[in-house]
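The values are calculated or read from the model by the stated rules, or taken from the named source; none is laboratory data. Worth saying up front: this structure is predicted, and the values here are computed from it rather than measured. A quick note on method: Cβ atoms are made from the backbone with ideal geometry, for glycine too, and the neighbour counts reach across all protein chains shown. Each accessible area value is taken on the protein alone, full model and side chains, heavy atoms only, with ligands, DNA and RNA left out. Shrake-Rupley method; radii C 1.70, N 1.55, O 1.52, S 1.80 Å.
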Amino acid sequence: MQKSKNKLGYKKEVAQLLPCLISKISVQKKNTFRFSIFIDDEFLIGVSDSTLTTFKLSKGVLLTPSLLEQIVQKESKWAIREYMIRLLGRRDHARNELRDKARKKEFPSSIVEEVLDELVEKKYINNLEFAKKFTRDKFEFNSWGANKIKAELFRKGISEKEINHALREIDSKKSAKTLQYLVKKNKRKFARAEASKRKKKIFDFLLRKGYDSNTILKQMPTLLVILKE
């Protein structure tokens with residue numbers, strides 16, 4: 001019968017043998033930066049090279065339940081850090097996004113917050129820079145207005161101060177041109193509506209895209225002309 005790992009990553013049946021001397025440590029075949037620890041020639045847990053060095057683990061060292069707990073804590077932190085850095089390598093993430101993803105993985109909350117603090121301190125996570133880039137991308141590539149961007153940034157846990165700073169990335173002149181672009185892009189759809197309903201149809205559409213009512217109404221005469229071109 002194969003011995004099972006628990007959520008903390010070690011074989012619980014083997015851990016019941018502790019305290020016990022480490023009988024063997026071997027390099028893992030698929031990852032040379034990780035090592036397998038054995039007691040009584042039974043696999044107990046896999047650890048990083050950092051954990052191995054920190055606790056000075058080697059063959060013959062007495063492994064106690066208390067030491068195993070410390071190893072597990074460090075391995076949890078290592079795993080969470082590696083997971084988050086991998087996510088950040090794909091794209092920028094806000095702190096709340098990383099926290100939510102870590103929760104889905106059922107990582108310990110206290111260690112998650114500790115790793116997040118570390119990543120913020122080392123500038124791997126920068127909510128303001130994330131918000132500014134998100135604002136630019138959503139405005140330029142998705143044609144979102146400020147209201148929709150603001151709502152999404154708020155959902156991602158960005159502070160109001162940081163959001164307001166990020167929204168400065170939207171140029172008011174470009175915003176007006178974007179409204180015109182959106183109407184031209186959807187001209188056929190708007191043109192199919194009854195003449196008396198076109199204004200409301202355009203207004204509702206642009207409101208859903210995140211543009212404020214004053215901006216839309218100010219541009220409405222120009223937008224209606226575009227439909228007639």
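If you check every pair at least six apart or on different chains, which have Cβ atoms under 8 Å apart with a residue in the range 25-43 that is over 17 Å from THR64 (Cα atoms) first and a residue that is open to solvent by 40 Å² or more (accessible area, probe 1.4 Å) and not polar (S, T, N, Q) second?
Note: pairs meeting the criteria are PHE33/ASP49; ARG34/VAL27; ARG34/ASP49; PHE35/ILE25; PHE35/VAL27; PHE35/ASP49.
How do the helices (runs of 4 or more DSSP H) wholly within the range 93-153 filter down when requiring 2 or more residues that are open to solvent by 50 Å² or more (accessible area, probe 1.4 Å) and of a type in the set (Ser, Thr, Tyr): which remain?
109-121
Give the residue that is farthest from VAL115 (Cα to Cα), with candidates limited to residues of the range 51-76 that are open to solvent by 50 Å² or more (accessible area, probe 1.4 Å) and assigned to a helix (DSSP H, G or I).
In this case the residue turns out to be PRO65.
Matching residues to (1) within 26 Å of TYR181 (Cβ to Cβ); (2) modelled with pLDDT of 95 or more:
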position: LYS105; (1), (2): no, no
position: SER109; (1), (2): no, no
position: LYS122; (1), (2): no, no
position: THR135; (1), (2): yes, yes
position: GLU140; (1), (2): yes, no
position: LYS150; (1), (2): yes, yes
position: GLY157; (1), (2): no, no
position: ILE163; (1), (2): yes, yes
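Restricting attention to the range 83-92, and to residues there that are under 25 Å from LEU167 (Cβ atoms) and touching a residue at least 24 places away in the same chain (Cβ under 8 Å), which single residue is least open to solvent (accessible area, probe 1.4 Å)?
LEU88
I'd like to check something: does the range 117-134 contain any residue that is more than 21 Å from the chain's Cα centre (by Cα) and farther than 27 Å from GLU75 by Cβ?
no
Specify which of the listed residues (GLU97, GLU106) is on the phi > 0 side of the Ramachandran plot and either without any contact (Cβ under 8 Å) to a residue 40 or more places away in the chain or not β-branched (Val, Ile, Thr) (or both).
GLU106
Restricting the range 154-180 to residues that are open to solvent by 30 Å² or more (accessible area, probe 1.4 Å) and closer than 21 Å to THR222 by Cβ, which is nearest to the chain's Cα centre (by Cα)?
ILE170
Inside the range 181-221, can you point out the residues that are more than 24 Å from GLU152 (Cβ to Cβ), touching a residue at least 24 places away in the same chain (Cβ under 8 Å) and open to solvent by less than 60 Å² (accessible area, probe 1.4 Å)?
Listed by number, the residues that qualify are LYS187, PHE190, ALA191.
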